[in-house]
Amino acid sequence: MTDTFDPTMGPTVSKELAASAPRFELDETYWGYIIRSNDGPGFSIAVLQGLAMFFGACFIAVAIGLMVVPQAMSGSLDIMMRGVAAILFSGVAALLLWFATRGVQTELQIDNSLGEVREVMRNRAGKSTLVGRYGFDAIGAVFLDRAVGGKDEAALMLRYRNTSQVLPVARGSVTALEALRNRLGQDLIIDLVEPGKVVATEAPVEKQAA
């Protein structure tokens, strides 16, 4: 038995999809729905963010130390050098802390009321950052890429217009992704295609002169 999309089911569809494909989940909203991946960030990203947090805190401590050290016996040149160094250390610390706290997982927001797809990055604190916004008319196709997954797994992609630029949606079982693909195709009102397939079209019929 396979999952199929029924437009009359409403929010029940997201529960079925989440149950059959734990690698992603759907959150229903009043304006549409949100597609989130359950795959956590890679180990290397977690290590890099941890190191960035540590060194960022160290640079902040150094910058504060340069400013609070007694300067009564220091000359004007030394005070100026301390100030410049403190500003540089503060800038590096801000950059490192920004990287340490920024989100690494993206989510797609399908807004049926505005007719757009939003790519959003959310950090651990729940703060979201808009990465990209695409109108429904800018999406050329929605398809399954079976080359990136293992057996019975695939990745669901959105193609930007008729270009080679693609927007990853989710990964999971083919059955669950097919149901999500059908729903996206219905909401975005686009043709469902598989990569590499050519859709045959009839040649236009010319009108004969009377």
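Per-structure values
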| read-out | value |
| --- | --- |
| For Ser128, Ser44, order by how many other beta-carbon atoms lie within 10 Å, fewest first | Ser44, Ser128 |
| For Lys127, Lys151, order by how many other beta-carbon atoms lie within 10 Å, fewest first | Lys151, Lys127 |
| Cα gyration tensor shape of the range 114-171, rounded if a/c is under 1.5, else prolate or oblate by comparing a/b with b/c | oblate |
| Thr175 versus Ala147: modelled label distance in nm, points set 7 Å from Cα along the beta carbon direction | 2.7 |
| Residue-count net charge about Arg133 - beta-carbon cut-off 11 Å; Lys, Arg +1, Asp, Glu -1 | -2 |
| Net length gained if the chain between Tyr160 and Cys58 were fully extended (0.36 nm per residue, minus Cα distance) | 32.4 nm |
| Contour excess over end-to-end distance, with Cα ends at Asn123 and Asp27 and 0.36 nm allotted per residue | 32.8 nm |
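Every number here is computed from the coordinates shown, using simple stated rules; none is lab data. Just so we're clear, the structure is a prediction, and the values are computed from it rather than from any experiment. For neighbour counting, all protein chains shown are included, and Cβ atoms are generated from backbone atoms with ideal geometry for every residue, glycine included.
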